[in-house]
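This report concerns only the one structure given below.
The values are calculated or read from the model by the stated rules, or taken from the named source; none is laboratory data. Just so we're clear, the structure is a prediction, and the values are computed from it rather than from any experiment. No Cβ is skipped: glycine too gets one built from the backbone with ideal geometry, and neighbour counts run over all protein chains shown. Remember, those area values only see protein heavy atoms, side chains included, never the ligands or the DNA or RNA. Shrake-Rupley method; radii C 1.70, N 1.55, O 1.52, S 1.80 Å.
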Amino acid sequence: MSVTSGVQGMGAGDEERHLVDAARGGDHRAFEALVLKYQDRIYRLIQRLVSGSDVVDDLAQEVFIRAYRSIGDFKGESSLYTWLYKIALNLCRNHYRTRGRRPQHEELDEADGAIGIEAAGGTPEDEVFRKEFWDHLRSGLDELPAEQREAVVFCDLEGMSYEEMAGVIGVPIGTVRSRIFRGRRALQERLAPFHAASAGTQGRST
C-alpha cells in the first residue's frame, strides 16, 4: 500500500503522524511527502533569517538532509515543523558564526507577515510607498541583533506562539517576550524616520 493511500481519510494531524512513523521506519516516500509539505515554509524562514539568496537554497537543503539523518530520534514531543525550525535556526546561526558577517539586504514581500501597514489605495504612489516601507523593514530586521531578529521573525512573520518559540530558540518564555519587545521597539525606532518623511511627503501633496 502506498503512503498516499494509507493516509487518505485521515485528519491533518493523524496524517502527519502516520508519515513521521513511516519515515522513522525507513520509508523514503513518507519522508519525501514531509519534505513536500514543509519545504516552502523552511525556505521562507531561512530567507527571512539569512537573506542572501546565494546560501538560502543550500541551507534549506541541509535542513532536510539533517532531518532525514535524525528522523529516527524525533519522539513527537513537539510538532514536526517546530523540530524542523530548530534545525533551520541552528544552521542559520552556524552560518553566521562561520561566515562572520551580517545578513545581506534582500527585499521582503508585503505578504510576508503580520508586520505591515495599511495602504489607502492602489495608485502608483501607494505602490511606491509600500515597496519603500518593506525595503526599510528588511533593512531594519538585518540591523537587529540576531536574538531580536529571530524573535521578531518567528513571532510576527511566522506567527508562532511564545511556547513554540521558547522550544525552538531554547530560552524561557519570559526571555522570548523580552526579545520580541526589544526587537519591535528597535524596529519602530529604525522605521520612524521613514514614517516621518512619508508623512511630510503626504502632507505636501494634499
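Of a type in the set (Asp, Glu), more than 21 Å from Val56 (Cβ to Cβ) and modelled with pLDDT under 70, is that true of Glu164?
For Glu164, the condition - of a type in the set (Asp, Glu), more than 21 Å from Val56 (Cβ to Cβ) and modelled with pLDDT under 70 - is not met.
Check off (1) over 21 Å from the mean Cα position of the chain (by Cα); (2) open to solvent by 10 Å² or more (accessible area, probe 1.4 Å); (3) at pLDDT 90 or above for Val7 and give me the number that stays unchecked.
Of (1) over 21 Å from the mean Cα position of the chain (by Cα); (2) open to solvent by 10 Å² or more (accessible area, probe 1.4 Å); (3) at pLDDT 90 or above, only one is false for Val7: (3).
List, please: which pairs have Cβ atoms under 8 Å, are six or more places apart or on different chains, and start with a residue in region 161-186 that is open to solvent by 70 Å² or more (accessible area, probe 1.4 Å) and end with one that is aromatic (Phe, Trp, Tyr) and in a helix (DSSP H, G or I)?
These pairs meet every condition: Arg177/Tyr162.
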